[in-house]
Amino acid sequence: MRFHGLMLLRDEQDIIAQNLDHLLTWIDALYVLDLGSTDGTWDIVQGYARRDPRIVPYLHRPILYNDNLRSMVFDQFRDRFSAGDWVTKIDADEFYHIPPPQFVRQRLRRGETAVYLLWYYFRLTQAEVD
C-alpha cells in the first residue's frame, strides 16, 4: 500500500517548503500542478524534486483553478497507482496531525476504501472585528 498525493497550487512560496518537508515524512509520491505561480513556488517545488524523486512537478501553467483539475493529474499518473494504494487530495497549506498511513492502519477496517471529511469554515464578521 502506497500513498499518492495530488496537489494544485499557486503562489504558495511562504508555506510550500514547510509543507513539502511535512509530506515527505509519510508520502510515497506527490504530483504537483502549479496554476501559474508568479512567486518562487515553482522553483521551490523543482528544487525539492531534484533532491527527492517522490516530488513530481507535473506542469506549471496559468490555469484558472477548478477542483476537477486533479482528475487531469490523476489521469496523467494513473499508471503509477496499484491496487490497494491510496490517492489523496493535498493542499499546500494543510498539515496532518495524524499521518494518513498511520490513520489508515489504526482507524480503518479491512476493505474500507474511502475516507470522507467534514470541513468547517469560520469567518469573522465585521461586527466581530470591531
How would S37, S71 rank on accessible area, largest to smallest, probe 1.4 Å? S71, S37
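Report the rotationally averaged projected area of the chain based on its alpha-carbon convex hull, in square nanometres.
10.0 nm²
Suppose accessible area is computed on protein heavy atoms with a 1.4 Å probe; arrange R70, R110, R2 from highest to lowest. Let's see the in-between values first.
On the way: R70 20, R110 240, R2 100 Å².
I get R110, R2, R70, largest accessible area first.
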Per residue, how large is the accessible surface of the stretch 41-130? Use a 1.4 angstrom probe and give square angstrom. 81 Å²
Taking the Cα centroid of the stretch 1-28 and of the stretch 74-130, what is the distance between the two, rounded to the nearest whole Å? 12 Å
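At R0 = 35 Å, how high is the FRET efficiency between T38 and Y96 if r is their beta carbon distance? Nearest 0.05 is fine. Don't skip to the answer; put the middle values down first.
On the way: r = 28 Å, r/R0 = 0.80.
Efficiency, from the Cβ-Cβ distance: 0.80.
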Heavy-atom accessible surface of the chain: percent carbon and sulfur, 1.4 Å: 50 percent
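What do you reckon, how do D34, D52 stack up by accessible area (1.4 Å probe), largest on top? Numbers along the way, then the final one.
Details: D34 0, D52 30 Å².
Sorted descending by solvent-accessible area, the residues read D52, D34.
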Rounded to the nearest 500, the 222 nm mean residue ellipticity computed for the chain from DSSP H runs (n ≥ 4, each -39500 (n - 2.57)) alone is -8000 deg cm²/dmol
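For a Förster distance of 35 Å, can you work out the FRET efficiency between the beta-carbons of F74 and F122, rounded to the nearest 0.05?
Working: r = 30 Å, r/R0 = 0.87.
The formula returns an efficiency of 0.70 here.
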In nm, to one decimal, how far is the modelled label at I15 from the one at R105, with both set 7 Å along Cα→Cβ? 2.8 nm
Express in Å², to the nearest 10, the accessible area of V45 obtained by rolling a 1.4 Å probe over the protein heavy atoms while all chains stay in place. 0 Å²
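The values are calculated or read from the model by the stated rules, or taken from the named source; none is laboratory data. Being a predicted model, the structure only gives us computed values, none of them experimental. Cβ coordinates were reconstructed from backbone atoms using ideal geometry, including for glycine residues, and neighbour counts include every protein chain displayed. Just the protein is used for accessible areas: all its heavy atoms, side chains included, with ligands, DNA and RNA removed. Shrake-Rupley method; radii C 1.70, N 1.55, O 1.52, S 1.80 Å.
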